[in-house]
Amino acid sequence: MFEEFKNLAALGRALTPEDVAGVVSYLAGPDAGFMTGQSLIIDGGILFQ
């Protein structure tokens, strides 16, 4: 089932802790200083059908 789920992602791979850490690092840094009221989806482009 995991292989089927992984293949649904546009990137063709499963999410890793590093993927989430990159977003957290961005949000905690100065580059996100003007970003407000957003919802970020970190899913690799999964398309549920």
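Pairing each residue of segment 1-28 that is on the phi < 0 side of the Ramachandran plot with any residue that is of a type in the set (Gly, Ala, Ser) and not in a loop (DSSP other than H, G, I, E, B), provided the two are 6+ apart or on different chains, yields C-beta distances under 6 Å for 26/32. The residues in segment 13-41 that are surrounded by 10 or more Cβ atoms within 10 Å (Cβ to Cβ) and assigned to a helix (DSSP H, G or I) can be counted, and the count is 11. So is residue 44 surrounded by 12 or more Cβ atoms within 10 Å (Cβ to Cβ) and either modelled with pLDDT under 85 or not in a loop (DSSP other than H, G, I, E, B) (or both) or not? Considered against the rule, which asks whether it is surrounded by 12 or more Cβ atoms within 10 Å (Cβ to Cβ) and either modelled with pLDDT under 85 or not in a loop (DSSP other than H, G, I, E, B) (or both), residue 44 comes out as yes.
The values are calculated or read from the model by the stated rules, or taken from the named source; none is laboratory data. Owing to the predicted nature of the structure, the values given are computational and were not obtained by experimental measurement. Don't worry about glycine lacking a Cβ; one is built from the backbone with ideal geometry, like all the others, and counts go over all protein chains shown.
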